[in-house]
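Okay, structure first, notes after.
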Amino acid sequence: MACCGGGLCCQCCCNEGDTRTPEELTILGETREVEDEILPRKAYESLDYDRCINEPFLEVLEGLDNKKARKYEAIKWILVFAIGVSTGLVSFGVVYASEVVLKRGHGTNTAVAVKRLIPVAAGSGIPEIKSYLNGVKIPGIVRLRTFICKVTGVLFAVAGGLFVGKEGPMIHSGAILGAGLPQFQSITFKKIRFHFPHFRSDRDKRDFVSAGAAAGVAAAFGAPIGGTLFSLEEGSSFWNQTLTWKVLFCSMSATFTLNFFRSGINFNKWGSFQLPGLLNFGEFKCVDGDKTCHLWTAVDLAFFVLVGVAGGLLGALFNCINKRLTKYRMRNVHPKARFIRVLESLLVCMVTTLVIFVASVTLGECRDLVSTNNNTSTQEVNSTIRRFFCYNNTYNDMATLFFNPQEVAIHQLFHQNATFSPVTLLLFFVLYFFLSCWTYGVSVPSGLFVPSLLCGASLGRLVANVLKINFHMQVYAGTFALIGAAAFLGGVVRMTISLTVILIESTNEITYGLPIMITLMVAKWTGDFFNKGIYDIHIHLKGVPLLEWETEVEMDKLTASDIMEPNLTYVYPHTRIQSLVSILRTTIYHAFPVVTENRDNEKEFMKGNILISNNIRFKKSSVLTRAGEQRRRCQSMKSYPSSELRNVCDEQTAVEPAEEGQDILQQMLERRHVPYPNLYPDQSPSEEWTMEERFRPLTFHGLILRSQLVNLLICGVCYAENQSSASQTRLSHSEMTEDYPRFPDIHDLDLALLNPRMIVDVTPYMNPCPYTVSPNTHVSQVFNLFRTMGLRHLPVVNAVGEIVGIITRHNLTHEFLVAKLRQHYITI
């Protein structure tokens, strides 16, 4: 791997096209060296955005009228507004608290101490929130204590001088507020618990988290529209018009809340709204009276494209180096004691401080203070320059960049002409590039937006200086600094639509729309040639099963039967408690198909066994025939006053006797259907079972979740053999969702309180109408249905209503599909 030292690093160590996961190698029978092995995938739990339309839910719908529906919708809008206001207030608090901490001299030690409490609070949090909105549940990511440690940690990290930004953690903090406020309870603080049974589902929680994440972007950059597009582009797999309005309203609330308080305190003009976000790019304009000055021209577009290519290459190099650092940390730092992480963070802080001081002393150039463009006052310039061992009336240009807050340094690169020499800009870019790459991933809450913008702005300003000095071109240096910032940030994070709008809103200059969009597109295309964006890389390293927007074209060579899991663990409509406990204790599945078996001699099985009799009766009542449906419709049409309808029904009923319809129904129930040959496993799971017994045809009736089964057992929902199933206790929808999102575990259940011979009727609580696909459905159709609808489980049901397999998120990951496709080629 020595090739990582040169400019071709991205091509040799970042190209992931030939990378194979351990799962692929197991299927293909190959081995790999330990150094090159992808980190193991963790068993993350998926979120379920699909509603469970069971009987308790239908009871809620029956009691819901238009008045109550409007009431719940009004509550949602109030909560969305509260999330936006809270996010704005938190952002305002972080800004001024960081200034206080910076003046008092506290540093990163406190940030590291906070980080030791909650490891998940490290980093920007954007990869975790992106995974959550994609449908993956990451433990502790939206907890209240994570929020406290995130806000406190980024406060001291920024004040301590690390090359990190507070914008990314603000996005994570907004998402936590969105997840927590509508629940009216806290797991961290048990006493915070109000009786509010609404919005207790992954679907509602996902919508509020989307709004909170967008509010975080809006507060950070003063870009409410950009925040809405960020939540759409980077996270949510399911979107609709109503959610768009709520997210935009939440973003607007966050922006104007932060603007109100910052403008009131800074300018003592409450209600003036002059500071929209945490990061202010300032106003881009030429000097009054200078007719030769233009913000940008058509000729500059060619240079913008070149800057985009450079930003994409440097962003790919940044991601490549950071990926290797993160792998090293995950293998050698994270498994050890937590104080090792503290030592690493302290080491980064010490090295950063040393580099800043030494570079300012030895590499800085003392320059005379010259006039700037008129949109930057002389008093403002004098307050931001740093003399640092320079004589009177001169300043140290390197120290001016390093010893100012990052936002101030970005503003200087955008608006102060002839302030920095080309050599200083080049050295500053190199040092800042490697230090920020090393810092991102240490055990402190850290953002990447502002460091990337500052690094790219210095690159763009360097290009402008070269064009002015060496080629004598009349260019606006601030525009090139902005384009360079966009190019490098786009090359690192690979965002296009949302980042374009964010930068346009931050600059408040719509004429920059075209050059920024072209630069970001070129940077993304260039970087994608070598590796993925930084957030996708960290998601992959953590083993999160993220689903992309769409599958590759060649994946359509596979069908649902090729990727599904045929070995099913299922339950019957009426099941004994001992069987349920055994299934729940010996499996880790989160959902179970509710099925009935197809047997030749069902009448013999029904004799003397109430449990089997109840299951077969339920199956017969669930089978819908054309004759039975026609009889039902005729019975309903007989109530019409028209004599013609009654006569038609009488004639059709006379032609088709009840006995004949019953015979057809019995024949359908007693038919045996041979399973698909390609679904057979290599070996039978039990030596005592034949293949047909192991894969006996199963009529599919619905899905029931693990949490629902455990809840039924804890609440004692069951009936005895000598009783009717109607005698078992009925639970309401609020009782079923009371413990959301921390449902009890089966191992917490006291088995001494249960009678193992009792029977549980699960049919009222299962989802009888989940989304299903045919075994012959192409993978692209399966993928689009699963991702768009935010599913957790997708049963595969054949033409006669028998379940032949089930598809989960794991079966649709890129690694799994690639392995199955290669297996498909080998079979051919």
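The values are calculated or read from the model by the stated rules, or taken from the named source; none is laboratory data. Just so it is clear, the structure is predicted and the values come from calculations on it, not from any experiment. Cβ placement follows ideal geometry from the backbone for every residue including glycine, while neighbour counts extend to all protein chains displayed. Side chains included, ligands, DNA and RNA excluded: accessible areas come from the protein's heavy atoms. Shrake-Rupley method; radii C 1.70, N 1.55, O 1.52, S 1.80 Å.
General remarks:
- Cα-based shape type of segment 694-769, given that a ≥ b ≥ c are square roots of the gyration tensor eigenvalues and the cut on a/c is 1.5: rounded
- Ligands, DNA and RNA aside, F304 has an accessible area near 0 Å² when probed at 1.4 Å.
- FRET efficiency, L749 to L64 (Cβ-Cβ, R0 41 Å, nearest 0.05): 0.80
- For the listed peptides 165-176, 70-81, 435-446, a ranking on the average number of other beta carbons within 10 Å per residue, highest first, reads 165-176, 435-446, 70-81.
- Largest-first principal axis extents of the Cα set of segment 444-528 (Å): 41, 31, 26
- Accessible surface of Y765 - all protein chains present, 1.4 Å probe, nearest 10 Å²: 0 Å²
- Near P56: Cβ cut-off under 14 Å, other residues only, Lys/Arg at +1 and Asp/Glu at -1. The net charge is -3.
- Full-extension gain in nm, A82 to S727, via 0.36 nm per residue minus C-alpha separation: 227.7 nm
- Loop-located trypsin sites (Lys or Arg not before Pro) in segment 223-322 (DSSP state not H, G, I, E or B) with no more than 13 neighbouring Cβ atoms inside 10 Å: K269, K291.
- Solvent-accessible surface (1.4 Å probe) assigned to V287 amounts to roughly 60 Å².
- Charge sum, other residues only, whose C-beta stays under 15 Å from G513's C-beta, Lys/Arg counted +1 and Asp/Glu -1: -3
- Percent RCO, i.e. relative contact order, over segment 491-555, from Cα pairs under 8 Å lying at least 6 residues apart: 40 percent
- FRET efficiency estimate (nearest 0.05) - Cβ-Cβ, C366 to N332, R0 41 angstrom: 0.45
- F156, F488, reordered so the largest accessible area comes first (probe 1.4 Å): F156, F488
- Other residues whose C-beta falls under 15 angstrom from the C-beta of R792 contribute a net charge of +3, scoring Lys and Arg +1 and Asp and Glu -1.
- Residue separation of T587 and Y771 scaled by 0.36 nm, minus their Cα-Cα distance, works out to 63.9 nm of gained length.
- In terms of accessible area, using a 1.4 Å probe and ignoring ligands and nucleic acids, D748, D556, D300 rank largest first as D748, D556, D300.
- Residue-span extension gain [E550 to E73] - 0.36 nm each, minus C-alpha spacing: 168.5 nm
- Rounded, prolate or oblate (a/c below 1.5 giving rounded, otherwise prolate when a/b exceeds b/c) for segment 248-355 by Cα gyration tensor: oblate
- Segment 740-804: trypsin sites (Lys or Arg not before Pro) in DSSP coil with no more than 15 other Cβ atoms inside 10 Å: R742, R757
- Efficiency of FRET between V299 and N508 - r from beta-carbon atoms, R0 30 angstrom, step 0.05: 0.75
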